[in-house]
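Chemist: Handing you this structure, nothing more for now.
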Amino acid sequence: MKIMSINCGSSSLKFKLFEMPEEKVITEGQFERIGFKEMGTYKIKFNGEKTESSLLLPDHSVAADHLLKDLIDKKIISSLDEIKGVGHRIVQGGKYFKESCIVNEWSKARIEELIDLAPLHNKAHLIGINAFEKALPNVKQVVVFDTAFHQGMEEEAFMYAIPYYWYSEYGIRKYGAHGTSHQFVANEYARLTNQDIKKLKIITCHIGNGASLCAVEYGRCKDTSMGLTPLEGVPMGTRTGNIDPTVVSYICQKENKDAYTVVQELNKKSGYLGVSEISNDARDLEEAYKKGNEKAILALHIQEKRIADYIASYYVYLNGCDAMVFTAGIGENSDTMRSRVCARLKVLGVEIDEKLNLDRGHPFRISTPNSKIDVWVIPTNEELVIARDTLRIINE
Ligand code: AMP
């Protein structure tokens, strides 16, 4: 049975078509520059061959139609009827979604209601859902939420110390993000080491362009670093992570800006990019680091210190920890970042083998047999979780 996994951004649409339940990727690719006046791009990989083309993409519907036509033209599928389900990644599910669910009027209305909390993302997701509903009217669609896993947090972890009615009236609380990824790598760790997730305390570190950590207790999220929005937590490619909110009013006053503009700068011009004044890309910073560039070194060290701070605080909150897992673009590929973060955790008994740490491309252990915490690198696979949930829900 073929299941399509879809991730719609404000100007992009990423897809992966799976043969399920074999979990085999049939084809994958993406559309970029959707909604622009100029040409957009369409990339697709099939049978080891990559093709790229330019086309006008006024909206996500045009991309969805083009994709489905191309699947037939390229003989990847012989009929659209072969696609039995479409699963969509949704960034913000608020308090409404504790797990993935079928797309219906109610779920679409809730996703729309939550647009304020994730303006760029949720709006794009809805456009994507509508585009596939139009293109494949008889196919069931499922929504899979980045926030669902974090709904397991207790009040003391998800509440901010704010006037209570901000929470009760406006829903201001921690929702977290990357939940699909944290849940996937925690479960993968248990599976790969033949252990029962219900007996494990794991700290998962999703360090990519966006970065968050999660304290996973017995398979449930106990705490996570992202908050009301993905701005909270550790510094990232362009995001500041935690900061004293007074900075916002101070910069507003000094630079005669409004709060919205300053928060945009905390989202888009801070993190690696802001401190290094070089790039938001970890590879560029690593290059500059090697050459001794002081701002690049500082940008990476600020992030690594904060990652270690979170791990230490989760170690306490979990009352001990069996394993740590690194994942996402930087977590999976940057041995230097892992090495420097783990060096800050010696006091917790973390010890890694620098030779093992150089591996990549598959799940592997990097800790020594003496390490008090088992440390692994496990590639994340959010698309697969979406396909699995879609299969399960359309079969229910
Ligand atoms: P993601 O958001 O998970 O796709 O991760 C993107 C980040 O991963 C970017 O900052 C990349 O520079 C980083 N990344 C990808 N490959 C490597 C690598 N080989 N070494 C260091 N960072 C990498």
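Chemist: Of K16, K50, K24, K45, which residue is modelled with pLDDT of 95 or more, among the basic types (K, R) and in contact with a helix residue (DSSP H, G or I) (Cβ under 8 Å, 6 or more places away or on another chain)? Let's see the steps before the verdict.
Modeler: Details: K50 fails: in contact with a helix residue (DSSP H, G or I) (Cβ under 8 Å, 6 or more places away or on another chain); K24 fails: in contact with a helix residue (DSSP H, G or I) (Cβ under 8 Å, 6 or more places away or on another chain); K45 fails: in contact with a helix residue (DSSP H, G or I) (Cβ under 8 Å, 6 or more places away or on another chain).
Answer to the selection: K16.
Chemist: I would also like to ask the following. Scan segment 278-300 and tell me whether some residue there is buried (at least 20 other Cβ atoms within 10 Å of the Cβ), under 27 Å from L117 (Cβ atoms) and touching a residue at least 24 places away in the same chain (Cβ under 8 Å).
Modeler: Yes: segment 278-300 contains one or more residues that are buried (at least 20 other Cβ atoms within 10 Å of the Cβ), under 27 Å from L117 (Cβ atoms) and touching a residue at least 24 places away in the same chain (Cβ under 8 Å).
Chemist: If only one of I311, I330, I307 is buried (at least 18 other Cβ atoms within 10 Å of the Cβ), at pLDDT 95 or above, part of a helix (DSSP H, G or I) and in contact with a Gly (Cβ under 7 Å, 6 or more places away or on another chain), which one is it?
Modeler: On the way: I311 fails: in contact with a Gly (Cβ under 7 Å, 6 or more places away or on another chain); I307 fails: in contact with a Gly (Cβ under 7 Å, 6 or more places away or on another chain).
Going through I311, I330, I307 in turn, just one is buried (at least 18 other Cβ atoms within 10 Å of the Cβ), at pLDDT 95 or above, part of a helix (DSSP H, G or I) and in contact with a Gly (Cβ under 7 Å, 6 or more places away or on another chain): I330.
Chemist: Do you know which residues across segment 122-154 are in contact with a Ser or Thr (Cβ under 9 Å, 6 or more places away or on another chain), assigned to a helix (DSSP H, G or I) and under 27 Å from G219 (Cα atoms)?
Modeler: Passing the criteria: A148, F149, H150.
Chemist: Can you name the number of the only condition in (1) more than 23 Å from T27 (Cβ to Cβ); (2) at pLDDT below 95 that H125 fails?
Modeler: It fails just one condition, (1).
Chemist: What are the residues in segment 177-227 that are part of a loop (DSSP other than H, G, I, E, B), crowded, with 19+ Cβ neighbours inside 10 Å and within 16 Å of the ligand (Cβ to nearest atom), if any?
Modeler: To start, the set of residues in segment 177-227 that are part of a loop (DSSP other than H, G, I, E, B) comprises 177-178, 193-196, 200, 208-210, 218-219, 225-227.
Adding the requirement that they be crowded, with 19+ Cβ neighbours inside 10 Å leaves 177-178, 200, 208, 210, 225-227.
Within segment 177-227, A177, H178, G208, G210, S225, M226 meet the criteria.
Chemist: Using beta carbons and a limit of 6 Å, which pairs, at least six apart or on different chains, have the first residue in segment 108-128 and in contact (Cβ under 8 Å) with a residue 60 or more places away in the chain and under 12 Å from S11 (Cβ atoms) and the second one aliphatic (A, V, I, L, M) and assigned to a helix (DSSP H, G or I)?
Modeler: Close Cβ pairs satisfying both conditions: K123/I115.
Chemist: Residue by residue through segment 61-112, note down the ones that are among the hydrophobic types (A, V, I, L, M, F, W, C), more than 21 Å from T180 (Cβ to Cβ) and assigned to a loop (DSSP other than H, G, I, E, B).
Modeler: Hits for segment 61-112 are I76, I77.
For every residue, the table says whether it meets (1) within 10 Å of the ligand (Cβ to nearest atom); (2) within 19 Å of F184 (Cβ to Cβ); (3) not aromatic (F, W, Y).
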residue: A308; (1), (2), (3): no, no, yes
residue: Y314; (1), (2), (3): no, yes, no
residue: T327; (1), (2), (3): yes, yes, yes
residue: M337; (1), (2), (3): yes, no, yes
residue: R340; (1), (2), (3): no, no, yes
residue: A343; (1), (2), (3): no, no, yes
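Chemist: Something else about it: Go through (1) buried (at least 18 other Cβ atoms within 10 Å of the Cβ); (2) in contact with a Leu (Cβ under 8 Å, 6 or more places away or on another chain) and name the single condition V350 misses.
Modeler: Only one criterion is unmet by V350, namely (2).
Chemist: Something else about it: Of (1) within 16 Å of the ligand (Cβ to nearest atom); (2) without any contact (Cβ under 8 Å) to a residue 40 or more places away in the chain, N370 satisfies all except one. Which?
Modeler: (1)
Chemist: Residue pairs, Cβ under 9 Å, 6 or more apart or interchain, first in segment 166-178 and within 13 Å of G152 (Cα to Cα) and in contact (Cβ under 8 Å) with a residue 12 or more places away in the chain, second surrounded by fewer than 15 Cβ atoms within 10 Å (Cβ to Cβ) and not polar (S, T, N, Q). List them.
Modeler: Listed by first residue and then by second, the contacts come to K174/M159; K174/Y160; Y175/K95.
Chemist: Go through (1) closer than 12 Å to T240 by Cα; (2) of a type outside the set (A, V, I, L, M); (3) within 16 Å of the ligand (Cβ to nearest atom); (4) surrounded by fewer than 16 Cβ atoms within 10 Å (Cβ to Cβ) for G271 and report which single condition fails.
Modeler: Unmet condition: (4).
Chemist: Would you confirm, using the coordinates I've provided, whether L356 is more than 22 Å from the chain's Cα centre (by Cα), away from the ligand (no atom under 16 Å from the Cβ), over 22 Å from D196 (Cβ atoms) and among the aliphatic types (A, V, I, L, M)?
Modeler: On the way: more than 22 Å from the chain's Cα centre (by Cα): yes; away from the ligand (no atom under 16 Å from the Cβ): yes; over 22 Å from D196 (Cβ atoms): yes; among the aliphatic types (A, V, I, L, M): yes.
Considered against the rule, which asks whether it is more than 22 Å from the chain's Cα centre (by Cα), away from the ligand (no atom under 16 Å from the Cβ), over 22 Å from D196 (Cβ atoms) and among the aliphatic types (A, V, I, L, M), L356 comes out as yes.
Chemist: Another one. Answer with yes or no whether A299 is touching a Leu at 6+ places or on another chain (Cβ under 9 Å) and either within 16 Å of the ligand (Cβ to nearest atom) or modelled with pLDDT of 95 or more (or both). Show your work before the answer.
Modeler: Values: touching a Leu at 6+ places or on another chain (Cβ under 9 Å): yes; either within 16 Å of the ligand (Cβ to nearest atom) or modelled with pLDDT of 95 or more (or both): yes.
So A299 fits the description; yes.
The values are calculated or read from the model by the stated rules, or taken from the named source; none is laboratory data. Nothing here was measured: the structure is a model prediction, and the numbers come from that model. Glycine gets a Cβ as well: all are built from the backbone with ideal geometry, and neighbour counts include every protein chain shown.
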